[in-house]
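Engineer: Okay, here's the structure, questions in a sec.
Bear in mind these aren't lab numbers, they're just calculated from the coordinates by the rules spelled out. These figures come from a predicted structure and were not determined experimentally. Counting neighbours? That spans all protein chains shown, and the Cβs are built from the backbone with ideal geometry, glycine included.
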Amino acid sequence: MPQVSSTSSLGLGHLLAQGDAICLFALAVLVLMSAASWFQIAVKAWQQWRVRKAGRRFLDALEAARDYREVENLFARKPPEDPFGRVLAQGMEACLLLRSLSARRGFEMVSPDDFINAALERSVAREEYALEKGISILASVGATAPFVGLFGTVWGIYHALLSIGSSGQASLDQVAGPVGEALIMTACGLAVAIPAVLAYNAFIRANRDLSGRMEHHAHRVFVLLAIGNLPENHHVVSLSEAREDAKGKAG
């Protein structure tokens, strides 16, 4: 960075005007990272709001249904738009496939409930993947942005020291100004990384909550498909226990 006579003119504007190509490239990378992370934050926040709103609406309608036939009517009126509805729809489709006499089989299934169990688990896993899609961008930005800023700082300090050495002047004002200006890159890196990390942790926590609710919903769906009635707020630890519970009620 070129030598200046006063530190009053130093700052981000001077860094943009006097920085070399590598320093400006690092700053441009930080700007792109910030734009990508804020875009992803907006997208995932809207997705979380939409999923929770549609999920509450569907679960309220499901609670009002008294038996399997009324549950079927929910999908006759409108296809599912939320993860909870899609999990139930996948379970019902698996039941229809089992009851289809024309379906070809490569082997005879000993336990049809294993087939339903696998369908529900696959549906829950698919919904969890959809919720987590794109969050890795926030993790990457949060992990790498400070280092990009640090790289810009190191590069700026290097050029500042070269300029000071070539001028032969090493007074405090000659050193503090350019070095402080180079530290702006570190501040920019932290400013990009901190929101990304906070948003990543918030979305991971929200997705974990939704995953737990979908697992519990899958338990209730299994019992509904097995006995034809929706259980009332019963808690089952795993799908295997839901199967045992359904067998006990059916017997």
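Engineer: For a Förster distance of 41 Å, can you work out the FRET efficiency between the beta-carbons of L183 and R208, rounded to the nearest 0.05?
Structural biologist: That pair, L183 with R208, gives E of 0.65.
Engineer: Pop the C-beta distance of L96 and A143 into the FRET formula with R0 = 41 Å and round what comes out to the nearest 0.05. Mind showing how you got there, number by number?
Structural biologist: Details: r = 46 Å, r/R0 = 1.11.
After rounding, the FRET efficiency stands at 0.35.
Engineer: Write down Rg/Rh for segment 40-101, rounded to two decimals, with Rg from the C-alpha atoms and Rh from the Kirkwood relation over Cα pairs.
Structural biologist: We get a ratio of 1.08 for segment 40-101.
Engineer: Provide the gained length on full extension for the span R56 to E121, in nm with one decimal, where the gain is 0.36 nm per separating residue minus the Cα-Cα distance.
Structural biologist: Working it through step by step, the gained length comes to 21.3 nm.
Engineer: Highest mean first, what order results for 130-137, 66-73, 144-151 on Cβ atoms within 10 Å? Write down the numbers at each step before the final one.
Structural biologist: Values: 130-137: 15.5, 66-73: 12.8, 144-151: 19.4.
In decreasing order of mean packing, 130-137, 66-73, 144-151 become 144-151, 130-137, 66-73.
Engineer: Could you compute the FRET efficiency for A130 and A35, with r as their C-beta to C-beta distance and R0 at 25 Å, rounded to 0.05?
Structural biologist: Calculated transfer efficiency: 0.60.
Engineer: How far is it, in nm, from the label point at A64 to the one at A42 when both lie 7 Å from their Cα along the line to the Cβ?
Structural biologist: Spacing of the two 7 Å Cα→Cβ label points: 3.5 nm.
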